[in-house]
Amino acid sequence: MHKKAMTARALAFACLIGVSFSGGAQAQSYPARPVSLIVPFPAGGTTDVLARALGQELAKSLGQPVVVENKPGAGSTLGADYVAKAAPDGYTLLMGAVHHTIATSVYKSLHYDFQKDFAPVTTVALVPNVLVVNPKLPAKDVASLLKLAQASPGKLTYGSNGMGTGQHLIGAQFERAGHVQLLHVPYKGSGPLTTDLLGGQIDMSFDTITPVLAHIQSGKLRALAVTTNQRSAALPDVPTMEEAGLKPFNMGTWFGVLAPAAAPKEVVDRLNAEMVKIIRSPDFTRRMAEIGAVPIGDTPAEMKARIGADTANYAKLVKEAKVAVN
């Protein structure tokens, strides 16, 4: 064989070997520096609480700090846009939520595609939402709240984590199912929302259980119903919305981790393996129970299917409820 031909073949073989081992080497060396976990809401809400609980344990298993960064705004879409445009190397991750599947239909000018621009890693937990009212409001149950709302159309207020979030859509569904009209007040997150709810600036919210659980237990807020079709173990005496007479009603909030779409599969698989191990551990399961969350820990493919199904289902609800943001 000609010497030049042999050299060319040798170089081609070397390149092929280099390509085949580059992914594995990248996964083995990952992470070589701190990892950022972006929370698209202010500190204090469920997304933030879950991110910090997961990040604390993930830092131990990865051997590198996991830095939780809060980038709130525009109903969780600003933080998502930031991660979608980040380098796809596994060092910038998003703590996403069901809100992002809803925003796809609500926001008409998003600069990212939630199904195409992200690589799902795993669903961390499912947290039921709960209808809570300020105790000053003379409503002891859903029926009496509906009567108050019917007597004063558009006067009773409910807060949400922003336009197009799960809480916003649950509120819209409550209006449709109960044939009432409420006034929606959007916030940047559960922290400021809960503060105003406790202070009486708004009448009610449909937030996840986590940020309001302690206030329900102390009597500072009154829980009327959970929005899933099963009662929550954290609030066993609180009826479901369907038990309260509004059918069908089955809406909760999931939270999960995603990377930019082009992140190496080996890195995504490594992150999934480490996170699932943490999520399914007895200690993490106990911590989730304390805040009313149900740990999940699924595969990237299962999370992708969840996102696709929710995007389609919520698009229908958004259209029916006529929820839109210009």
Item to check | Residue list for the range 206-219, restricted to those being over 24 Å from Gly154 (Cα atoms), open to solvent by less than 10 Å² (accessible area, probe 1.4 Å) and touching a Pro at 6+ places or on another chain (Cβ under 8 Å) | outcome: Ile209
Next on the checklist: Can you find, within the range 220-230, the residue that is least open to solvent (accessible area, probe 1.4 Å) among those that are modelled with pLDDT under 95 and farther than 15 Å from Gly171 by Cα?
Outcome noted: Asn229
Item to check | Residue among Leu169, Leu146, Leu197 that is open to solvent by less than 20 Å² (accessible area, probe 1.4 Å), in contact with a Gly (Cβ under 8 Å, 6 or more places away or on another chain) and assigned to a helix (DSSP H, G or I) | outcome: Leu197
Item to check | Any pair with Cβ under 8 angstrom, 6 or more apart, that starts in the range 142-163 at a residue that is on the phi > 0 side of the Ramachandran plot and ends at one that is polar (S, T, N, Q) and surrounded by fewer than 12 Cβ atoms within 10 Å (Cβ to Cβ) | outcome: none
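Does Gly79 qualify as being buried (at least 23 other Cβ atoms within 10 Å of the Cβ) and either farther than 10 Å from Ile38 by Cβ or without any contact (Cβ under 8 Å) to a residue 12 or more places away in the chain (or both)? Lay out the reasoning, then the answer.
Details: buried (at least 23 other Cβ atoms within 10 Å of the Cβ): yes; either farther than 10 Å from Ile38 by Cβ or without any contact (Cβ under 8 Å) to a residue 12 or more places away in the chain (or both): no.
Against the criterion (buried (at least 23 other Cβ atoms within 10 Å of the Cβ) and either farther than 10 Å from Ile38 by Cβ or without any contact (Cβ under 8 Å) to a residue 12 or more places away in the chain (or both)), Gly79 does not qualify.
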Checklist outcome for this item: In the range 149-166, residues that are open to solvent by less than 50 Å² (accessible area, probe 1.4 Å) and of a type in the set (D, E, K, R) total 0
Item to check | Complete set of residues in the range 60-94 that are under 15 Å from Ser190 (Cα atoms) and either among the polar types (S, T, N, Q) or touching a Ser or Thr at 6+ places or on another chain (Cβ under 6 Å) (or both) | outcome: Asn70, Gly75, Ser76
Checklist entry - Which one is most open to solvent (accessible area, probe 1.4 Å), of the residues in the range 248-272 that are modelled with pLDDT of 95 or more and more than 20 Å from the chain's Cα centre (by Cα)? => result Lys265
Next on the checklist: open to solvent by 10 Å² or more (accessible area, probe 1.4 Å), out of contact with any Gly (no Cβ under 6 Å at 6 or more places or on another chain), of a type in the set (Lys, Arg) and under 19 Å from Ala143 (Cα atoms): is that true of Arg287 in this structure?
Outcome noted: no
Next on the checklist: Can you say whether Asp203 is surrounded by fewer than 20 Cβ atoms within 10 Å (Cβ to Cβ), on the phi < 0 side of the Ramachandran plot and among the acidic types (Asp, Glu), as far as the supplied structure shows?
Outcome noted: no
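The values are calculated or read from the model by the stated rules, or taken from the named source; none is laboratory data. Just so it is clear, the structure is predicted and the values come from calculations on it, not from any experiment. Note that each Cβ is placed from the backbone with ideal geometry, even for glycine, and that neighbours are counted across all protein chains shown. Please note that ligands, DNA and RNA were not included when accessible areas were found on the heavy atoms of the full protein model with its side chains. Shrake-Rupley method; radii C 1.70, N 1.55, O 1.52, S 1.80 Å.
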